[in-house]
1. Find which of Ser202, Thr166, Tyr142 sits farthest along the positive direction of the dipole of segment 142-245, computed with +1 on the beta-carbon of Lys and Arg, -1 on that of Asp and Glu, about the Cα centre.
2. Per residue, what volume in Å³ does the convex hull of the Cα atoms of segment 37-134 enclose?
3. Just name one of Ser80, Ala132, His56: the one whose Cα is farthest towards the positive end of the charge dipole of segment 37-134 (beta-carbon charges, Lys/Arg +1, Asp/Glu -1).
4. Around Asn43, what is the net charge, scoring Lys/Arg as +1 and Asp/Glu as -1 over all other residues with Cβ under 9 Å from its Cβ?
5. List, in order, the whole-Hz ³J(HN,Hα) value for each residue of segment 157-165 obtained from phi through the Karplus relation with A = 6.51, B = -1.76, C = 1.60 and θ = phi - 60°; use x for Gly and Pro.
6. In nm, give the distance between the simple-model label positions of Asp90 and Asn176, each being 7 Å from the Cα along the Cα-to-Cβ direction.
7. Considering amide H positions built from the backbone, and no H for Pro or chain starts, which residues 5 or more places from Ala77, or on another chain, come under 5 Å of its amide H?
8. Using a simple charge model, +1 on the beta-carbon of Lys and Arg, -1 on the beta-carbon of Asp and Glu, nothing else, what dipole does segment 142-245 show about its Cα centre, in debye to the nearest 20?
Amino acid sequence: MKKLFAAAVLFTMALAFAACGGDEEDQSEDAYVQYYDENFRDNANGTVEIVNATEHDILLFEGENLSQNFIVGGVRAKASGKVNFSAKSDFDVGGYVLLQAVKQSEFAPNAANLKTGWKKLVQYCEGKVFTADIHSMADGKYQYIVSNRSASFGMELRKNSFQGETIAYLSAGEINRFIYSDNSDDITLYPVWLAYNNATQSIVSFYPTGLSCVVTVIPRLPPDISSYYFPLDENMVIDINFEFAIP
């Protein structure tokens, strides 16, 4: 009888422990589920659509700060969702914001090792819809480090040509950004700098007419990671003072 009683007690404790664990998981999910609701910030009526092509639920942040106070929405894996910027003072004529995306599973306020998987300048304007796709979310064991030497302009790194697939966006003056890759294959990156044209209310891109800024990078396993700078010439740090073309 004592053995049966002890077994029953242990079984009851195991059930209680399992139930507590489930509650913690549910509470963790509950902390973020509001951001996926189309009623959050009235995002159902937003003019910026985010298409999440990854296998991860992602949280969206406005600006450089990755704290919970700056979350503006969320998009489930393999789904799309909208973000509403109608509260902006220039919404009627148009403007732009920096959006960042982080996997919900990796997000923790003020986490020192939090990886930004996606970053992009997006436009908003009353009566116009803008779409942005999320493809990469900081996956892969191979890495390389990139820096944007321009203190004036944000920069996209594009694969194989100035019009190619966007690998990453770096803010003006951003240094030591880690980029992740699934393999160690060489990648030729073409830098394209971005600016917002107040006259046309649109984001314009420009790139050097020469190839001096084009770099072939080699993703490597840590700790043997290489750093690459754009532009290559450190004397071009301040204002991108080269001849440029607007695509």
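Nothing in this text is a laboratory measurement; each read-out follows from the coordinates by a stated rule. Remember, it's a predicted structure, so these values are computed and weren't measured experimentally. We place every Cβ from the backbone using ideal geometry, glycine too, and count neighbours over all the protein chains shown.
1. Ser202
2. In segment 37-134, the Cα convex hull volume per residue is 87 Å³.
3. Of the listed residues, the answer is His56.
4. Once positives and negatives cancel, what remains is -1.
5. With coefficients 6.51, -1.76 and 1.60, one gets 9, 10, 8, 6, 6, 5, 9, x, 4 Hz.
6. Each label point is offset 7 Å from its Cα along the Cβ direction, giving 3.2 nm.
7. Asp57, Ile58
8. About 120 debye.
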